[in-house]
Amino acid sequence: MLQGKTALVTGSTSGIGLGIAHALAAQGANIVLNGFGDAEGPKAAIAAHGVQVRYHGADMSKPQEIEAMMAYAAQEFGRVDILVNNAGIQHVSRIENFPVERWDSILAINLSSAFHATRLALPAMLAQNWGRIINVASIHGLVASAEKSAYVAAKHGVVGLTKVTALENATTGVTCNAICPGWVLTPLVQKQVDAKAEALGISNEEATKKLLGEKEPSMQFTTPEELGALAVFFCSPAGNNVRGVAWNMDGGWTAQ
Ligand code: NAD
């Protein structure tokens, strides 16, 4: 379905971004990966879908590096047809103890990077009158949890940015939507499970149950594969008039 299209997924060396890259590649899209850590493993895994893969290691907290990444994608593939703004980090602490530099980096990586990549991707999408911008927000773009001030502020911002992007391009073939996952067992969440186990002196399994039990009625993690399937839906012809939504995959978290 996506043969001949190029998808750039930020923060795709691991977790949800890698899952979405797999789902788009399985539909035939060429992929530009981004993120820290090992890139060779993810590159080879995506190439196994028979598509072309590139990697750019831009630090998404730095606008100039984002510009270099978008220019690289255009040079390699002509343009970005599908932009998935996914890179994100977390820090858990009460506001009065929240390290100021962590606040700044969370806002830069989780929110401002989506603005920069979007502003740079839009001209080519509008020129061809087709584009898909998918922002990986979070359930924390819709509701809050204590000790996640920067993350919740950034993710609410991402949901707002999603709506504005959708509205500004509403009469065109460019759509913008947000995905709002509940808990997904990626390295980002594993750290929170480990911290809970350590703080309460309980096993990893008990900590996992506690984490899910506090928020997620299904008592199941959402998977990167499920999120990838939703991204594919946004890119399908049926997603043509889905504009500015914040779509939860949260095991009932926000239904409560
Ligand atoms: P992860 O830690 O597995 O992956 C994060 C990715 O972002 C990695 O590829 C990492 O290298 C990259 N990254 C981090 N800082 C970067 C930077 N400065 N520049 C470029 N890349 C950077 O985490 P994940 O759980 O897959 O998270 C992906 C997105 O999903 C994030 O935006 C996160 O907020 C969101 N999310 C996660 C969950 C969850 O439960 N895991 C829930 C809701 C939303």
What is the residue count in the range 166-188 for residues that are open to solvent by 10 Å² or more (accessible area, probe 1.4 Å) and part of a helix (DSSP H, G or I)? 4
Which numbered condition residue 44 fails, given (1) surrounded by 14 or more Cβ atoms within 10 Å (Cβ to Cβ); (2) in a helix (DSSP H, G or I): (1)
Looking at the range 72-79, can you tell me whether even one residue there is open to solvent by 50 Å² or more (accessible area, probe 1.4 Å) and under 19 Å from residue 136 (Cβ atoms)? no
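Here is a list: 196, 155, 163. Which entry is under 14 Å from the mean Cα position of the chain (by Cα) and either buried (at least 16 other Cβ atoms within 10 Å of the Cβ) or in a strand (DSSP E or B) (or both)? So that I can check it myself, show each step before the final result.
Numbers: 196 fails: under 14 Å from the mean Cα position of the chain (by Cα); 163 fails: under 14 Å from the mean Cα position of the chain (by Cα).
The match here is 155.
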Keeping to the range 104-139, report how many residues are open to solvent by 10 Å² or more (accessible area, probe 1.4 Å), assigned to a helix (DSSP H, G or I) and farther than 15 Å from residue 60 by Cα. 6
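The values are calculated or read from the model by the stated rules, or taken from the named source; none is laboratory data. Bear in mind that the values here come from a model prediction, so they are computed numbers and not experimental data. Quick reminder, even Gly has a Cβ in these numbers, built from the backbone with ideal geometry, and neighbours come from all protein chains shown. Calculation scope for accessible area: heavy atoms of the full protein, side chains included, ligands and nucleic acids excluded. Shrake-Rupley method; radii C 1.70, N 1.55, O 1.52, S 1.80 Å.
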